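For reference, the structure discussed in these notes is given below.
The values are calculated or read from the model by the stated rules, or taken from the named source; none is laboratory data. Because the structure is predicted, anything quoted here is derived from the model rather than measured. Virtual Cβ from ideal backbone geometry, glycine too; neighbours counted across all protein chains shown.
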């Protein structure tokens, strides 16, 4: 990621990397990885439940971030940060729900690739809307704790990065509880494993799918808030979704923890590749890893999917 | 002379033994039927011959040569054609196009000659069309010739499957439940066709079928399977009255159902 | 409704269904050949652009529309065609040799790329090709000594037997050159579709297992489809390089890949017509939007308001509309209209209705 590399290069003009630097590098990588992981989590959530791959997930993230910026930043509405975040998450949830209800439900029974193309088109539209409403200049979210540092025995951490990591893990814990404990979460799991059987068992599969899209939108909004509070965002940032794809693929597309770990792997690989490799080569690393995983372990590193005989 | 020989073939899926030490041989010009309750391993035998599955041990020989070293797409070249239980047609193509794909094993033209549609391609194409039109005549598919599969009734699709297999000009035809889902009348047609395939075209037929009426009318020999094991072999009457066969059917729900 | 009486097998093998159809296409050919004398230079340039899109569209249509392998990375092969062609010409290879060679090289690269990703299905293939598109973009930057890196290259003038062809200097000649390539690709494509290999492609698309049971070698056939597809796309890429005049890694970015796929979907997957209809839409969309915008600002007196990114936004909207209401694309709508008039008044609403099925999981493969 560009943002990170500039920062790191600025701090360390010399090639020698001390242990502390390594640690700091890892943490900023980890923070980036968490954002990728959260976007990937959105992909996987939706894919698991509806078998649709949402190529617009990155744009969801971007859109969620812009809504928050619009609500919270002083030069826009300037309302309380936490209220703004809650509203943005709710709006994105509603957007996800409505998109499924109005658009994606009609795709029922159509080939998967049609859904892929549809979501790509939705991404185009979201990007256009964001550009038209909020213009194309990069903007940052005014994070209330921004600029503060946490010092841990010589290690200086930006509070944004720590927040990103903490929020990600908290969100994952919440999602885990949701899927394993709540009735709705279990119904979602059932609907994802066998649609027809779930129908017969009285699970309202269509509404569940819309709710999953809503959940995907909300997770994307959180990812967007995290991303925008530690860096700048512009309408084309949604293309970052491709890196999240890499994360999801590495994690095996069907596994939620896999998606997060995949994201973290990508996040960690990037800064280290930027240090170890000449410029130009380093940004290839995430995609190269993804391609290799696809070729040699098409179902990802952490997937529980078994190959079925025809 | 035995055209197709299965020798002590066993297949396992994980812990499940789908086919257990099964041996049989199909003679040239014979109609050989596999019967048995659902899950007996009949379709698995077909998938073995088509090389979609690998046996754990045993050998499958066609005209004295083992076919275990072949890929699935090399099997049709020997003259082995098959139909599928759940109909696997090319949905977006016409009946004619589907049948022409059946001619693929006779393709001699190269990529470059096809790009230019060289005279040799055209003459081969004429030959393919001729064979296909003969099959269409034989199975009375003229009315559906230019129709897309997606719009055809189930019974017609079943016939198109048979037609596509015949278009390959096979030595042996593997029919996976040719009558399942067909009406009485359509089943009667199927019986006549299988008899004609055997008598007029001299094609050997190996089939899996639940409909004992069809099996009894056309087959020379019948092999009953249950739980992957051979139960009985012989004429249709002999097998139907064999105590082990009766027990297998009654024991597995007492139903020689039509559902596949 | 027309009834065609067929007297020989050649009637089915022929390129046209019947004589009137052949006449229609002849008329169309006369029209496109006469185009430079009918319209002004600007429009000839736009028509050339449409043809280039159509060539690339045919390439991708063969792979996605006929063989059923979705690719989100075809800009990569346009880049291969473009850079190899220009680099060869810079090294003294005459254009008439360099252009087909560029196509061949792009095709070979396509086969090499296809081999490892052949086993992937549907969505996984789409993602892998997406990665290829991104990687190619970065690779162009890395391979600076040959590709000029971020600065890019300038296309040399095209010289055919001493005749210099330039997009701006001689737009009509460049148009004819592109038209010739279009017709060659079109002829090859049509021939292929009526030959065994073309049928094997569609067989793969509809049922791999059954194609295999008919003797189609899946790996080799898919690789061939990839090769042919990338070859045609490479030719389009080479022409695009000359059309643009100068190009760098951003000319062939991911958005181009995606646009190619979206174009053939709008046009209508699974038909050559679709590639051309899609090319018309994507080629003329910017002009159309400008026209509408000028119209609106003329009425409301807004001045010349420009909204950046409006093209892709409107493009996305059109696409959503098509996928929801006419998944068979423009060509599908055209076929329906034609059938409606042929059968009038007996057309039924559900005539082309596709059966909806419960979701078949693609997770278990």
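The set of residues from region A:266-278 being more than 9 Å from every other protein chain (Cβ to nearest Cβ) and assigned to a loop (DSSP other than H, G, I, E, B) comprises just one member, A:277.
When residue B:80 is tested against (1) within 8 Å of another protein chain (Cβ to nearest Cβ); (2) in contact (Cβ under 8 Å) with a residue 12 or more places away in the chain, exactly one condition is not met: (1).
Just one of the listed residues (A:145, A:177) is surrounded by fewer than 21 Cβ atoms within 10 Å (Cβ to Cβ) and without any contact (Cβ under 8 Å) to a residue 12 or more places away in the chain, namely A:177. Just one residue in the set A:289, A:295 is part of a helix (DSSP H, G or I) and more than 7 Å from chain C (Cβ to nearest Cβ); that residue is A:289.
Picking from C:296, C:330, which residue would you name as being assigned to a helix (DSSP H, G or I) and at pLDDT 85 or above? I'd like the intermediate steps shown before the answer.
On the way: C:296 fails: at pLDDT 85 or above.
So the residue among C:296, C:330 that is assigned to a helix (DSSP H, G or I) and at pLDDT 85 or above is C:330.
Each residue in region C:140-155 was checked for being surrounded by 15 or more Cβ atoms within 10 Å (Cβ to Cβ) and touching a residue at least 12 places away in the same chain (Cβ under 8 Å), and 8 of them qualify. Among the residues of region A:63-85, are any surrounded by 19 or more Cβ atoms within 10 Å (Cβ to Cβ), within 11 Å of another protein chain (Cβ to nearest Cβ) and under 19 Å from residue C:320 (Cα atoms)? Scanning region A:63-85, I find no residue that is surrounded by 19 or more Cβ atoms within 10 Å (Cβ to Cβ), within 11 Å of another protein chain (Cβ to nearest Cβ) and under 19 Å from residue C:320 (Cα atoms), so the answer is no.
Quick one: residue B:107 ticks every box in (1) free of Cβ contacts under 8 Å to residues at least 24 places away in the same chain; (2) farther than 28 Å from residue B:150 by Cα except a single one, so which number is it? For residue B:107, the exception is condition (2).
Among the residues that make up region B:116-129, is at least one of them more than 22 Å from residue B:193 (Cβ to Cβ), crowded, with 19+ Cβ neighbours inside 10 Å and more than 7 Å from chain C (Cβ to nearest Cβ)? Among the residues of region B:116-129, at least one is more than 22 Å from residue B:193 (Cβ to Cβ), crowded, with 19+ Cβ neighbours inside 10 Å and more than 7 Å from chain C (Cβ to nearest Cβ), which makes the answer yes. The residues on offer are B:35, B:95, and the sole one that is more than 8 Å from chain C (Cβ to nearest Cβ), buried (at least 22 other Cβ atoms within 10 Å of the Cβ) and closer than 28 Å to residue B:248 by Cβ is B:35. The criterion of being modelled with pLDDT of 90 or more and either closer than 27 Å to residue C:220 by Cβ or not in a loop (DSSP other than H, G, I, E, B) (or both) holds for residue C:99.
Going by the structure shown, is residue C:78 in the same structural domain as residue C:281 (by TED's automatic domain parsing), out of contact with any strand residue (DSSP E or B) (no Cβ under 8 Å at 6 or more places or on another chain), in contact (Cβ under 8 Å) with a residue 40 or more places away in the chain and part of a helix (DSSP H, G or I)? Step through it out loud before you land on a result.
Working: in the same structural domain as residue C:281 (by TED's automatic domain parsing): yes; out of contact with any strand residue (DSSP E or B) (no Cβ under 8 Å at 6 or more places or on another chain): yes; in contact (Cβ under 8 Å) with a residue 40 or more places away in the chain: yes; part of a helix (DSSP H, G or I): yes.
Taking the combined requirement at face value, the residue satisfies it.
For the subset of region B:137-179 comprising residues that are more than 30 Å from residue B:39 (Cβ to Cβ) and under 18 Å from the mean Cα position of the chain (by Cα), which member is surrounded by the most Cβ atoms within 10 Å (Cβ to Cβ)? Among those residues, the one meeting the criterion is B:167.
Is at least one residue of region A:214-230 within 21 Å of the chain's Cα centre (by Cα), within 14 Å of chain C (Cβ to nearest Cβ) and modelled with pLDDT of 85 or more? Working first, answer last.
First, the residues of region A:214-230 that are within 21 Å of the chain's Cα centre (by Cα): A:214-230.
Subset that is within 14 Å of chain C (Cβ to nearest Cβ): none.
No, region A:214-230 contains no residue that is within 21 Å of the chain's Cα centre (by Cα), within 14 Å of chain C (Cβ to nearest Cβ) and modelled with pLDDT of 85 or more.
Please indicate, with yes or no, whether at least one residue in region C:6-20 is away from chain B (no Cβ under 14 Å) and exposed (fewer than 15 other Cβ atoms within 10 Å of the Cβ). Yes - at least one qualifying residue is present in region C:6-20. If you check residue B:140 against the conditions, is it more than 30 Å from residue C:188 (Cβ to Cβ), more than 11 Å from chain C (Cβ to nearest Cβ) and part of a helix (DSSP H, G or I)? Judged against the criteria, residue B:140 is not a match. Exactly one residue out of B:35, B:31, B:11, B:45 is in the same structural domain as residue B:210 (by TED's automatic domain parsing), in contact (Cβ under 8 Å) with a residue 60 or more places away in the chain and over 19 Å from the mean Cα position of the chain (by Cα), and it is B:11.
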